[in-house]
Amino acid sequence: MSEEDTYLRAKLTEINGSIERLTDMLNKMIEVVSRMGDIQDAASEMKLVAQANSEKLDDLLQKVDTIAKSSQGIAQVGASLGQRGSVSSLTSVLDNLETQIREGVIASDLAVKISDATETLEDRGVSGSLIVKMNRWVRILKTYSRVDTISPQDLSKLRQDLRDWHSELESMR
């Protein structure tokens, strides 16, 4: 064999190795692209499942609203007995709020809890001065900084107002 044949054979071997590496690289790229397609298909399926779940949730919420409206109608029919039960459940909302009022409580946290209790009472049919008084305390507590605790003077005033709120609810009976 001549030197030229040896050179050609070495170059062809080198080219063959390069072609094999390119083939491997192309196979890996094809695998990646196919997996991307699988991921897109899975994402589309997840989106469809999420939409279906959202529709189911909407249906359930409508049913809950219907039940709530029908229960309000039933509650109006048996008003005297229902009022006593609702007043005690409203009192429990204030009792729960009372457990939240303690020394060292953060004013912004308590403002949120009073606001939630106010919304609960409004949802259950309480209106008027009680809601206004509770919202007044929400505004007062929002004047504090986000991490400040309530002053002892305001805390004692709030406890007194809470007792007054209880008596107002009791007078609803």
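The values are calculated or read from the model by the stated rules, or taken from the named source; none is laboratory data. What you see is a predicted model, and the numbers here were worked out from it, not measured in a lab. For neighbour counting, all protein chains shown are included, and Cβ atoms are generated from backbone atoms with ideal geometry for every residue, glycine included. Note: areas computed on protein heavy atoms with side chains; ligands, DNA, RNA excluded. Shrake-Rupley method; radii C 1.70, N 1.55, O 1.52, S 1.80 Å.
Data for the structure
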| quantity | calculated |
| --- | --- |
| Which numbered condition residue 138 fails, given (1) open to solvent by less than 40 Å² (accessible area, probe 1.4 Å); (2) at pLDDT below 85 | (2) |
| Search result, residues across the range 155-173 that are open to solvent by 70 Å² or more (accessible area, probe 1.4 Å), in contact (Cβ under 8 Å) with a residue 12 or more places away in the chain and among the charged types (D, E, K, R) | 159, 170, 173 |
| Hits in the range 139-164 - residues which are in a loop (DSSP other than H, G, I, E, B) and of a type in the set (A, V, I, L, M, F, W, C) | 147, 150 |
| Residue match in the range 144-154 (condition: open to solvent by less than 30 Å² (accessible area, probe 1.4 Å), out of contact with any Asp or Glu (no Cβ under 7 Å at 6 or more places or on another chain) and under 28 Å from residue 69 (Cβ atoms)) | no |
| Sole residue being modelled with pLDDT under 85 and among the hydrophobic types (A, V, I, L, M, F, W, C), chosen from 97, 158, 162 | 97 |
| Residue 133, sole failed condition from (1) open to solvent by 90 Å² or more (accessible area, probe 1.4 Å); (2) more than 26 Å from the chain's Cα centre (by Cα); (3) among the basic types (Lys, Arg) | (1) |
| Residues satisfying the stated conditions in the range 50-94, i.e. over 29 Å from residue 169 (Cβ atoms) and either open to solvent by less than 50 Å² (accessible area, probe 1.4 Å) or modelled with pLDDT under 80 (or both) | 52 |
